[in-house]
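Worksheet for the structure shown next.
Since every read-out is calculated from the coordinates, none of them should be taken as a lab result. Being a predicted model, the structure only gives us computed values, none of them experimental. Every residue, glycine among them, receives a Cβ derived from its backbone with ideal geometry; neighbour counts consider all protein chains shown.
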């Protein structure tokens, strides 16, 4: 991926920045595994808990990306992120 990756850093997922990662941490989703097994409804609820500025984000692909990170599939993750602008499916 071209940079050193810290284990369970949710910002590795395209579309998640530090503020969104903090929202997920505050809602007990702190690992790639927990993000990868979360439902789209759970992810949207976390975003909605942060207020209107977070509601515009689309968390559809985040579980897929987190699963690749959890499984150590870095080449696949990098390729997927290159092919999907802004993490959109």
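Points worth noting:
- [x] 51, 34, 22; [y] 49, 31, 15; [z] 34, 24, 21, with the label sought being that of the calculated Cα extents along the principal axes in Å: [z]
- Within region 7-39: backbone nitrogen closer than 17 Å to the residue 74 label point (7 Å, Cα to C-beta): 7-14, 32
- Fully extending the segment from residue 37 to residue 5, taken as 0.36 nm per residue of separation minus the present Cα-Cα distance, adds 9.5 nm.
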